[in-house]
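Take a look at the structure below.
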């Protein structure tokens, strides 16, 4: 963490628009791998900066207030699906959430329905793999002897577009965490599964 | 070579059947409300509608079993729909608590609407069964005076009042969710489609609630006036004097 560029200074970013808001992050903390860990909420206060996303805010907290805070980010652009978390009650991507759209008190919790790694980090990959294996969401070939040199049959562009739309699912897990039935029933496949299944069926 | 077991398809078929029975029942409830509210056009209008379903205009005499048959079909759809919908209900207090907490956190109208659909659906298990059984076993007691007597003198109005709200909320939410689920009326902007559907849904719910309350009040008024002659059949004005 220490070798990454520091997040923009909040005070420097307090522009002519007025003094920066004080943001209070109430973060649900727990490390299930630590027997001594008890789920609790920590409160971190930072100054809001112009254009601040939760990605920037959480990095600032980790770099200046608590280096042990666990959360996931990779792309910072809403593509990798790593930063899904519950923000003020609703699951969404932290990197796509601007703090200016939130009140000064922000509650953060890990996505429910997934295995908790620590704090705001959950193992969505394990869930997605389990779902995929259970529903067999891959292209099932009935042809025993596939001739790899054969020219593929052309696909209707409209069908290709529809498959592409379904295949855009980044498996962030927000739809599963936002689904009341998936919360109540662990075996419920959820919306991400529909997308995966339909994609596989469409391709087949 | 080992035979691979196919992933079962019956959950999808059951879901389709739940949607289908719900759609049929929801649309039936709207049509039903129009027939029942014919009382607002006058007793003769309601009498005419009631006789129509008894085949009076086709066979020259009322065949009450036709109504019983129709109610039996609706009752069957209702039972099938209820049995399938039970799969979605919270199955324990723990699940109920999880959903309540989820709903309070999400603060999303559609999440809240699903909860109210479950609550009203649960209420309809009992209320709709009472109504359907009476309609199936006493189809001869449907008419301007007969229905008004049932509403007022037989003390059915409290049940009908609560059931009106339960049906309109349950059916309205159900049809709205069906439209979302199966992509009916979907436009290029999913959020705009959802907003339009939701507005349309609330407008329809308001319309049918107003129509339903006005209709119930009309039956209550007739029921109060007709209470001294409880049990008497209605004879339309255009037949008065000609019938024995």
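Every number here is computed from the coordinates shown, using simple stated rules; none is lab data. Quick caveat: nothing in here was measured; it's all calculated off a predicted structure. FYI the Cβ positions are ideal-geometry reconstructions off the backbone, even for glycines, and counts take in every protein chain you see.
Here the spin labels are modelled as points 7 Å beyond Cα on the Cα-Cβ line, and at residue A:50 and residue B:207 they lie 5.1 nm apart.
For chain B, the longest principal axis of the alpha carbon atoms and the long axis of helix B:190-226 meet at an angle near 30°.
Using the 10 angstrom Cβ neighbour count as an exposure proxy, how do A:58, A:135, B:41 rank, fewest first?
By the 10 Å Cβ count, ascending: B:41, A:135, A:58.
Relative contact order (percent) for chain B, with alpha-carbon contacts under 8 angstrom and 6 or more residues of separation? It rounds to 28 percent for chain B. Neighbouring Cβ atoms from other chains, within 10 Å of the Cβ of residues in A:86-92, number 3 on average.
With both labels modelled 7 Å from their Cα along Cα-to-Cβ, the residue A:67 to residue A:149 distance reads 6.0 nm. Per-residue mean of foreign Cβ neighbours for B:84-91 is 2 (Cβ atoms of other chains, 10 Å radius). Only Cα pairs under 8 Å and 6+ residues apart enter the sum, and on that basis the relative contact order of the stretch A:124-203 stands at 45 percent. A Stokes-Einstein calculation at 37 °C with viscosity 0.692 mPa s, built on the Kirkwood radius of the stretch B:15-229 over Cα pairs, returns a diffusion coefficient of 174 µm²/s.
For chain B, the mean residue ellipticity at 222 nm estimated from helices alone is -25000 deg cm²/dmol, where every DSSP H run of n ≥ 4 contributes -39500 (n - 2.57) and the total is divided by all residues, rounded to the nearest 500. What angle do you read, to the nearest 10 degrees and between 0 and 90, between the alpha-carbon axis of helix A:157-167 and the longest principal axis of chain A? The answer is roughly 40 degrees. Calculate the FRET efficiency for residue A:167 and residue A:88 from the Cβ-Cβ distance with a Förster distance of 30 Å, rounded to the nearest 0.05. The computed FRET efficiency comes out at 0.50.
Between the Cα long axis of helix A:54-64 and the first principal axis of chain A there is an angle of about 50°, rounded to the nearest 10.
Largest first and in whole Å, the equivalent-ellipsoid semi-axes of the stretch A:10-122 read 24, 16, 12, each the square root of five times a Cα gyration tensor eigenvalue.
On a per residue basis, the convex hull of the C-alpha atoms belonging to the stretch A:124-203 measures out at 112 Å³.
Taking each DSSP H run with n ≥ 4 as -39500 (n - 2.57) and averaging over every residue of chain A yields -8500 deg cm²/dmol at 222 nm.
Output the relative contact order of chain A, whole-number percent, from Cα pairs under 8 angstrom with separation of 6+ residues. This gives 20 percent for chain A.
Here the residues B:232, A:144, ranked from fewest to most Cβ neighbours within 10 Å of their Cβ, fall in the order A:144, B:232. Taking the number of Cβ atoms within 10 Å of each Cβ as an exposure proxy, the fewest-first ranking of A:31, A:119, A:158 is A:158, A:31, A:119.
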